[in-house]
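The structure appears below as C-alpha cells.
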Amino acid sequence: MAQEDVFKKIVSHCKEYGFVFPSSDIYDGLAAVYDYGQNGVELKNNIKEYWWKSMVLLHDNIVGIDSAIFMHPTIWKASGHVDAFNDPLIDNRDSKKRYRADVLIEDQIGKYEEKIEKEIAKARKRFGDSFDEAKFRETNPRVLEHQKKRDDLHARYTEAMQGPNLEALKQIIIDEEIVDPISGTKNWTDVRQFNLMFSTEMGSTSDAASKIYLRPETAQGIFVNYLNVQKTGRMKIPFGIAQIGKAFRNEIVARQFIFRMREFEQMEMQFFVKPGTEKEWFSKWKEFRMKWHQALGFGADNYRFHDHEKLAFYANAATDIEFKMPFGFKEVEGIHSRTDYDLKQHEKFSGRSIKYFDPQTNESYTPYDIETSIGVDRMFLSIMCHSYEEEKLENGETRVVLKLPAALAPVKLAVLPLVKKDGLPEKAREIINNLKFHFNCQYDEKDTIGKRYRRQDAIGTPYCVTVDYDTLKDNCVTLRFRDTMEQERVSIDDLNSIIEDKVSIASLLKKLQ
Ligand code: GAP
C-alpha cells in the first residue's frame, strides 16, 4: 500500500476510535486545530508522563514549572519573536490561496529528488542484484542532470533564506516555473513576511487595552522564571527547568494532520550550564534524548539526527531528532545550544540583573543554555504511525492492531465476561474493582468475544482477560496477549503481578538508566 494511503488510514483510524477529532467537528472543523478524544487523551497523558518523569524524576538537578500562556508583551520583543518570527508568504491571485514561499521551493527541490529516486528504482529493477547504486548516481546522465538542478536550486534557496531576501525567493518561484497546485497558474503576488504569533488585547477598556500574544513556545516562560527557580530551589549550575504546555502559531500552511497545528503542546527543558561547558552538555543531551525515543522499541533505523549546518546567529550547535513518518523523515524534537542569548536579552529589556552567582568561585555570570524541545502532538503522531498495523491472519481475515508500547496504551486491560448472565459480569466487575487502582481497565460485554478482541486491538490494549464459567469455580481467567494473540490460563490473584510492571511508565524509565 502506498505510504500516502497508509497515512490516510491512520488519520481516519484516529477519528473512528476516539483518538483525535477535528476541532469544532459539527461546524465542519477549524483548520489545523484538533481535539483529543477519550483514547487520545490517555495516550497523550502517558507520553507527557514519560517525558516529565524522565526529566524531573531521573535528574535531581531538574525541576518543573507551569508558567502562564499570557506574558508581558516585551518578552516577545526581547526574544526576537515580534521582529523575526516570520514565514515568507505568497498568494496566488487566481485560486486566492496562500502558500509559504519556502515550502513551495522545498517541494520543488523534493521533485528533483523524486526524479532521481525514480531513475534509481527503474535501474535497480533492470539490473537486479548486480546493481551498483553509488556508481549509477555518479555516472548516469539523467541522474546527474537532476542532481545538478537540485543542488543549484538548493544553493540559491539557502542564500535567499538568509535575511531572508524576499525578491530572490519570488524570482526562484518564477524561474522554476512553480505553479499553484489548485489553479495551475503562475499568477503570483510578491513574497511578504507574515508573523506567526496570534495576538489579542488585554484590559477592560479599549483605550487602556494593550496588545498581548499567545505564546508561540513555552521556552520564554522558563527563561523569565530562571532566577526565581534558581533562588527558591537553591539550584546550582548545571541545572534544568522543564515545562509542558500549549503553544500557538498562526501557521500559513497547515499540513499532515497533527504534524503542523495552530494550537499544539510542547515539552521543553532548558539546561543552564557554565559558559565553555555547553558543547559537552549539548552532546550529553543529544545522547539522552535519542535514548528516550529509542526506549519505546520502534527500532533505531526509524530515527536520525539532522545536524544544522546554518545556525541561528545566537546558537553554537543545533540538531533535530527526526522520525520516519509515512511522509518521510520529519523533525519531532529540536536540541539547541542557545548560548546566553535569551537570558542576556531579558536582562537588557527588563533592566534587571539575572546573573548567576557561583558561591564556590565567588563569580557572577550569565549561564549558557541547552534546550531540548519536543512537540507532544508530533510525538503522538509518530507513535500512531509506527504502531498502526493491518495484519493478515491465518484464517484469511485482516485485523487492525495498534502495537502501542504497553506503557503508553490508553487502556491496559480489558475484562470481558463470556456471556452477560450467570454471575460472569459481576465477576468481571470484581476483577476491575481490584485492579483499577493500579492501571486503566475497561469492561466490555457487547458482541462476540472475537469482536471485542478486535475493538481492543484497534485501540492498542495490550491485555484482555475473558471470564467464563470455569472462572467461578477455579478463580482463573484466560489472558490474551495483543501482539501474539496467544492465550494462557492464569489465576486472577496473579493478574496484577503479571501486568502492572509491563504497563507502568517505570518500565520505560528503567531503560534510560
Ligand atoms: N523553543 C524552541 C522551539 O519552539 P521549534 O523547533 O520551533 O523550537 C519545537 O519547536 C518542537 O515543537 C518541534 O520539534 C515540533 O515537535 C513542535 N512544533 C513546532 N511547531 C509545531 C506545530 N505548528 N504543530 C505541532 N508541533 C509543532
Please determine, in degrees from 0 to 90 and to the nearest 10, the orientation of helix 376-387 with respect to the longest principal axis defined by the Cα atoms of the chain, where the helix direction is its Cα long axis. 50
Please list 3J(HN,Hα) in residue order for region 488-497, calculated via the Karplus relation 6.51 cos²θ - 1.76 cosθ + 1.60 where θ = phi - 60°; whole Hz, with x for glycine and proline. 8, 8, 9, 6, 4, 5, 8, 4, 4, 6
Histogram of C-alpha separations across the chain, 20 Å bin width, %: 18, 46, 30, 6, 0
Going by average Cβ neighbours within 10 Å, how do the peptides 258-269, 302-313, 154-165 rank, with the highest at the top? 258-269, 154-165, 302-313
Size of electric dipole in region 393-509: Cβ of Lys, Arg +1 and of Asp, Glu -1, about Cα centre, debye, nearest 20: 440
Would you mind calculating the gained length between residue 53 and residue 33 on full extension (0.36 nm times residue separation, minus the Cα-Cα distance), in nm to one decimal? 4.4 nm
If I model a spin label at residue 120 and residue 329 as a point 7 Å from the Cα along the Cα→Cβ vector, what separation in nanometres do I get? 1.2
Can you give the alpha-carbon Rg of region 201-293 over 2.2 N^0.38 Å, where N counts its residues? 1.43
Rounded to the nearest whole Å², what accessible area per residue is found for region 393-509 with the 1.4 Å probe? 46
Ranked output for segments 413-420, 179-186 by mean other Cβ atoms within 10 Å, highest leading, reads 413-420, 179-186
Please determine, in degrees from 0 to 90 and to the nearest 10, the orientation of helix 449-459 with respect to the longest principal axis defined by the Cα atoms of the chain, where the helix direction is its Cα long axis. 20
Report relative contact order for the chain in percent, whole number only (criteria: Cα-Cα under 8 Å, sequence separation at least 6). 14
Let me spell out the model: positive unit charges on the Cβ of Lys and Arg, negative unit charges on the Cβ of Asp and Glu, origin at the Cα centre of region 272-402. What dipole size does that give, in debye rounded to 20? 440
Accessible-area composition of the chain, carbon plus sulfur, in percent [1.4 Å probe]: 49
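Count neighbours as other Cβ atoms within 10 Å of each site's Cβ, and list the chymotrypsin sites (Phe, Trp or Tyr not before Pro) in region 435-473 that are DSSP loop with at most 10 such neighbours.
Here the chymotrypsin sites (Phe, Trp or Tyr not before Pro) that fit, given the DSSP loop and packing criteria, are 437.
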Solvent-accessible area per residue for region 85-194 (1.4 angstrom probe, square angstrom): 62
Quick check for you: which residues of region 317-355 have the amide N under 20 Å from the point 7 Å beyond the Cα of residue 6 toward its beta carbon? 322-333
To the nearest 10 degrees, how steeply does helix 101-127 sit against the main Cα axis of the chain, on a 0 to 90 scale? 60
For region 1-94, place one equal point scatterer on every Cα, skip the solvent, and apply the Debye formula. What is log10 of I(q)/I(0) at q = 0.16 Å⁻¹? -1.10
Between residue 399 and residue 111, what is the FRET efficiency for a Förster distance of 30 Å, r being their Cβ-Cβ separation, to the nearest 0.05? 0.20
Segment residue 83-residue 280, length gained on full extension (0.36 nm per residue, minus Cα span): 67.7 nm
For the chain, the charge dipole (Cβ of Lys, Arg +1; Cβ of Asp, Glu -1; about the Cα centre) points to a positive end, and the Cα of 174, 382, 243 closest to that extreme belongs to 243
Cross-link partners of residue 186 among lysines (Cα-Cα below 23 Å; sequence separation of 8 or more within a chain): 96, 97, 111, 115, 149, 170
Provide Rg over Rh for region 85-194; use the alpha carbon set for both Rg and the Kirkwood Rh (inverse mean inverse pair distance). 1.10
On the formula 1/(1 + (r/R0)^6), with r taken between the Cβ atoms of residue 506 and residue 246 and R0 of 30 Å, the FRET efficiency rounded to 0.05 is 0.65
Report the label-to-label distance for residue 24 and residue 513 in nanometres (one decimal), using points 7 Å from each Cα along the Cα→Cβ vector. 5.0
Could you give the dipole magnitude of the chain about its Cα centre, charging the beta-carbon of Lys and Arg +1 and that of Asp and Glu -1, in debye to the nearest 20? 240
For the ranges 486-494, 63-71, what's the packing order if you count other beta-carbon atoms within 10 Å of each residue, average per peptide, and put the highest first? 63-71, 486-494
Surface accessible to a 1.4 Å probe, residue 13 within the full protein complex, Å²: 10
Before anything else, pin down the relative contact order of region 85-194: Cα pairs under 8 Å, at least 6 apart, normalised by residue count, whole percent. 45
222 nm [θ] for the chain, helices only, -39500 (n - 2.57) per DSSP H run of 4+, per residue, to 500? -11500 deg cm²/dmol
Alpha carbon Rg of region 393-509, scaled by the compact-globule rule 2.2 N^0.38 Å: 1.02
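Roughly speaking, what is the stretch gain from residue 300 to residue 362, that is 0.36 nm per residue apart minus the C-alpha to C-alpha distance, in nm to one decimal?
In short, 17.8 nm is gained.
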Given labels modelled 7 Å from the Cα in the Cβ direction, how far is it in nm from residue 190 to residue 72? 3.7
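The values are calculated or read from the model by the stated rules, or taken from the named source; none is laboratory data. The model shown is predicted, which means the values in this text are computed figures rather than measured ones. Positions of Cβ are backbone-derived with ideal geometry, glycine not excepted, and every protein chain shown enters the neighbour counts. Just the protein is used for accessible areas: all its heavy atoms, side chains included, with ligands, DNA and RNA removed. Shrake-Rupley method; radii C 1.70, N 1.55, O 1.52, S 1.80 Å.
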